[in-house]
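The values are calculated or read from the model by the stated rules, or taken from the named source; none is laboratory data. Every value quoted in this text rests on a predicted model; they were computed, and no experiment measured them. Heads up, the Cβs are rebuilt from the backbone with ideal geometry, glycines too, and the neighbour counts pull from every protein chain shown.
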Amino acid sequence: MLITDGILERGLEFARKAVEQVAAFDSFSEDNDPWGEHDCAGLEVDGQRVLWKIDYYDRRMEFLSPNPADPKVTCRVLTIMLSSEY
């Protein structure tokens, strides 16, 4: 998991809330998840727009995974950021 400086600059309590809300997120729809991959979305935390996304890297974390569905060749990284940091 990567939490950006913008999130951390708002304090540990804000960062904790952001992580908890991302972990609990299940409001996927055609609007925010048009491909049905459940690998990115946005939400509000204390009035701030927060985005999260999951990237799929190879096991050495040098390139994109050759097969994101295969955990044997994939390392997933969750990034939580302010929308202004995207």
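Structural remarks
- Qualifying residue in segment 27-36 (condition: in contact with a Cys (Cβ under 6 Å, 6 or more places away or on another chain), surrounded by fewer than 15 Cβ atoms within 10 Å (Cβ to Cβ) and of a type outside the set (Ser, Thr, Tyr)): no
- Restricted to strands (runs of 3 or more DSSP E) entirely inside segment 12-86, those with at least 1 residues that are within 15 Å of residue 2 (Cα to Cα), among the acidic types (Asp, Glu) and modelled with pLDDT of 95 or more are 48-57.
- Checklist (1) in contact (Cβ under 8 Å) with a residue 40 or more places away in the chain; (2) out of contact with any strand residue (DSSP E or B) (no Cβ under 9 Å at 6 or more places or on another chain) applied to residue 22, failing item: (2)
- Taking (1) without any contact (Cβ under 8 Å) to a residue 40 or more places away in the chain; (2) surrounded by 14 or more Cβ atoms within 10 Å (Cβ to Cβ) in turn, residue 46 satisfies each apart from (2).
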